Amino acid sequence: QVELAESGGGLVQAGGSLRLSCAISGRTSNYYRVAWFRQAPGKDRELVAAITRSGISTDYSDSVKGRFTISRDNAKNTVYLQMNSLKPEDTAVYYCAAGWGVDSSASAMTYWGKGTLVTVSS
C-alpha cells in the first residue's frame, strides 16, 4: 500500500513561483517512478514531470522544460515540483502519482494523490 499526499498549491501571479510537495507513505518497493500530472478543466490529464527512485533519471513535458524542476528528498520520502516562471496556462489540478511502469504515462501509475489546485492569474 502506497499513499500520496500533495501540498503547496495556491494562487500566484504570472511569472511567480510555487513549490509542490508529494509526501509518500508505504513501502518504497511498491513503486519505481513518481510523477506529477496536471489536468485543466476540459482538458486531458497530462504528464508534467517524473523521477525514478534513484533520482537520477527525470522526464519533463516540453511545455514546462526549463521552468519546472522535479526532485526528491529520500530522508523525508518526499518528491517536489519547483515551478518557476508560471504562466496562466499552467493553471490546473496537479496530481502526484507512483507506479512500476516502464514509462511515465498515466497508465503506468498505480497510486494517485487527491490533487492540489494551482491557479496562475494573468
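Taking the numbered list (1) closer than 25 Å to residue 1 by Cα; (2) open to solvent by less than 60 Å² (accessible area, probe 1.4 Å) in turn, residue 74 passes all entries but (2). The number of residues in the stretch 83-103 being open to solvent by 60 Å² or more (accessible area, probe 1.4 Å), touching a residue at least 60 places away in the same chain (Cβ under 8 Å) and either more than 14 Å from residue 68 (Cα to Cα) or within 13 Å of the chain's Cα centre (by Cα) (or both) comes to 1. Every condition in (1) exposed (fewer than 14 other Cβ atoms within 10 Å of the Cβ); (2) touching a strand residue (DSSP E or B) at 6+ places or on another chain (Cβ under 9 Å) holds for residue 113 except the one numbered (1). I'd like to check something: does the stretch 50-68 contain any residue that is open to solvent by less than 60 Å² (accessible area, probe 1.4 Å), touching a residue at least 24 places away in the same chain (Cβ under 8 Å), within 10 Å of the chain's Cα centre (by Cα) and on the phi > 0 side of the Ramachandran plot? Checked against the condition, which is being open to solvent by less than 60 Å² (accessible area, probe 1.4 Å), touching a residue at least 24 places away in the same chain (Cβ under 8 Å), within 10 Å of the chain's Cα centre (by Cα) and on the phi > 0 side of the Ramachandran plot, the stretch 50-68 yields no hits at all.
Among the residues of the stretch 29-38, not a single one is among the charged types (D, E, K, R), touching a residue at least 24 places away in the same chain (Cβ under 8 Å), open to solvent by 60 Å² or more (accessible area, probe 1.4 Å) and in contact with a strand residue (DSSP E or B) (Cβ under 9 Å, 6 or more places away or on another chain).
Residue 106 fulfils the conditions (1) exposed (fewer than 15 other Cβ atoms within 10 Å of the Cβ); (2) farther than 21 Å from residue 122 by Cβ except for a single criterion, (1).
Annotation note: Cβ proximity below 7 Å between a residue of the stretch 105-122 that is at negative phi and in contact (Cβ under 8 Å) with a residue 60 or more places away in the chain and a residue that is open to solvent by 50 Å² or more (accessible area, probe 1.4 Å) and of a type in the set (D, E, K, R) (sequence gap 6+ or interchain) occurs for 106/45; 120/87.
The values are calculated or read from the model by the stated rules, or taken from the named source; none is laboratory data. In this text the structure is predicted, and so the values were computed from the model without any measurement. All Cβ positions, glycine included, derive from the backbone under ideal geometry; neighbour counts span all protein chains shown. For accessibility, only protein heavy atoms count, side chains too; no ligands or nucleic acids. Shrake-Rupley method; radii C 1.70, N 1.55, O 1.52, S 1.80 Å.
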